[in-house]
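K.L.:
Can you keep this structure in mind? I'll have questions shortly.
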Amino acid sequence: MEHDIIIIGGGPSGLSTALHLARDFPYLAPRILILEKAHYPRPKLCAGGLVIDAEVILQRLGLDVSEVPHVDADRIHFDFEAKGLNIRIPKQHALRVIRRDEFDNWLAKNVESRGIEIREGIAVKNIIPNQNGVTVETDQGNLQAQVVVGADGSNGITRRCIFPNVPVHTARVLEVLTPTQPSPKFNVIARRAKPDEAIPSNEEIASGKNTPRNDDQRERVAYFDFFPVLTNIAGYVWDFPTQVNGEAMRCWGIYDTNIHANEKRPQLKEPLAKEMSRLGFDLNNYEIKGYPIRWFSPKNQMSVPRILLVGDAAGADPFLGEGISIALGYGALAAREIGEAFQRNEFSFNRYRRRVVRSALGQALIARWVVAHIVYLFKWKWFQVLVWRILKPVVVLLAWRFVLNWGKKMTSTL
Ligand SMILES: Cc1cc2nc3c(=O)[nH]c(=O)nc-3n(C[C@H](O)[C@H](O)[C@H](O)COP(=O)(O)OP(=O)(O)OC[C@H]3O[C@@H](n4cnc5c(N)ncnc54)[C@H](O)[C@@H]3O)c2cc1C
């Protein structure tokens, strides 16, 4: 067998698994093969918001993510109808926004620099486990491995092969990139950062003065607004600062966990169009892209003998759809599971799910699953106002204690 460990998918979860294996079990590094169907730098639909937990995990791997082009948001706003919570982290940015083509390419180069082989342009078609190993069928022939890691994302083939009939929880997500300024001809009807200020005239917008996007602070703020919850969309609209090829842009989108899939809902793009229009942007002028996110539920299955799942294939954050830090965290847990399996020469992986659920990452995922079911099921206006505008200190405290900040606790639970 040429490679003992085949990782299917070279996104953050697969690359993190490889990096953790190389760090914690260096003798396994030459025995790892990553199969990636695309070629780096490959596009990946994602807003690219990196929370602090992602940076903590990368730092522990000896990686400095500031090498990747980025925009830092100093504040995150969690709003309901344009007013709400304002989160800052003392002495540092609250959210670092990267582009995924650049970030994943950088991560892949770091993986290769540690002696791990990545084969690009190979698509896996089928995975067949047996007693002695796993056959991986690709569009370029078959490969054999002792262990396979399914890191192939929300629609991945690995999960579909090993759990063909298990229902999945999938969020729907739309994303749009725009310039930082709205088109001058479009009427601005409100101003989010300072709602009481006079609405700028079309002439002011055309001259580039006094527009919402000229507010210096806005350039460094990431917004989440939960107003769509009232219409059975179990999620929020986001608006982040970003950059594309060095040019400042905004990344907008809408996330719906689909918890209310059986109820009457507007088209997903309607609340996004409404929010963009409130800030002077016409959604019709921009390209909309969509992609699902498979989210974590405490019942999700994550392994069969010789095969385990990481990242979106195992389940991302159900509350916000945040998955990059989560994918990096799964990589750490999977590497430990695989390394120990090779030491014992026993590959049932029957304790992997327990390892995930008991870890700081797993506890944060469970907390987010609970929060999603509270915030999105109690869809009355008074409740959303209470959570986002009135109970601010309590919400921040609970979020800091149970939802965020899990990266630092990871070592103790590995
Ligand atoms: C619109 C949108 C916005 C998002 N915004 C954010 C955000 O701001 N912050 C955040 O933290 N998360 C965000 N997410 C979630 C985040 O993108 C994912 O959670 C994250 O990419 C999961 O990483 P992964 O490695 O598990 O999977 P992926 O990043 O999907 O990587 C899977 C890899 O597997 C490869 N692959 C797939 N199938 C095969 C195959 N058959 N053979 C070989 N290779 C294969 C793919 O090409 C890909 O490179 C967003 C998601 C969406 C859809």
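The values are calculated or read from the model by the stated rules, or taken from the named source; none is laboratory data. These numbers come from a predicted model, not from an experiment. Positions of Cβ are backbone-derived with ideal geometry, glycine not excepted, and every protein chain shown enters the neighbour counts. Accessible surface areas use protein heavy atoms only, side chains included; no ligands, DNA or RNA. Shrake-Rupley method; radii C 1.70, N 1.55, O 1.52, S 1.80 Å.
K.L.:
Is there a residue in segment 259-279 that is outside any loop (DSSP other than H, G, I, E, B), within 12 Å of the chain's Cα centre (by Cα) and within 13 Å of the ligand (Cβ to nearest atom)? Reasoning before the result, please.
P.N.:
Just the residues of segment 259-279 that are outside any loop (DSSP other than H, G, I, E, B), to begin with: 269-278.
If we keep only those that are within 12 Å of the chain's Cα centre (by Cα) as well, we get none.
Checking segment 259-279: not a single residue is outside any loop (DSSP other than H, G, I, E, B), within 12 Å of the chain's Cα centre (by Cα) and within 13 Å of the ligand (Cβ to nearest atom).
K.L.:
Also, I was wondering about something else. Which ranges mark the strands (runs of 3 or more DSSP E) fully within segment 134-183 that have 1 or more residues being open to solvent by 50 Å² or more (accessible area, probe 1.4 Å)?
P.N.:
141-145, 170-179
K.L.:
List pairs: first in segment 228-240 and among the small types (Gly, Ala, Ser), second open to solvent by 10 Å² or more (accessible area, probe 1.4 Å), Cβ under 8 Å, 6+ apart or cross-chain?
P.N.:
The qualifying pairs are Ala234/Asn258; Ala234/Ile259; Ala234/Leu377; Ala234/Lys379; Gly235/Gly321.
K.L.:
Is it the case that some residue within segment 334-341 is charged (D, E, K, R), more than 20 Å from Ala171 (Cβ to Cβ) and open to solvent by 70 Å² or more (accessible area, probe 1.4 Å)?
P.N.:
No, the conditions are met nowhere in segment 334-341.
K.L.:
For residues that are of a type in the set (Val, Ile, Thr) and in a loop (DSSP other than H, G, I, E, B), scanning just segment 221-258, find the one that is surrounded by the most Cβ atoms within 10 Å (Cβ to Cβ).
P.N.:
That would be Ile233.
K.L.:
So, in segment 36-50, how many residues would count as being part of a loop (DSSP other than H, G, I, E, B) and either surrounded by 22 or more Cβ atoms within 10 Å (Cβ to Cβ) or more than 7 Å from the ligand (Cβ to nearest atom) (or both)?
P.N.:
7
K.L.:
Further, regarding this structure: In this structure, does Asn132 turn out to be touching a residue at least 40 places away in the same chain (Cβ under 8 Å), more than 10 Å from the ligand (Cβ to nearest atom) and over 30 Å from Ile233 (Cα atoms)?
P.N.:
Taking the combined requirement at face value, the residue does not satisfy it.
K.L.:
While we're here: List pairs: first in segment 51-69 and more than 15 Å from the ligand (Cβ to nearest atom), second charged (D, E, K, R) and at pLDDT 95 or above, Cβ under 6 Å, 6+ apart or cross-chain?
P.N.:
Pro69/Glu102
K.L.:
Could you grab me the full set of residues in segment 106-119 that are within 11 Å of the ligand (Cβ to nearest atom) and assigned to a helix (DSSP H, G or I)?
P.N.:
Correct list: Leu107, Ala108.
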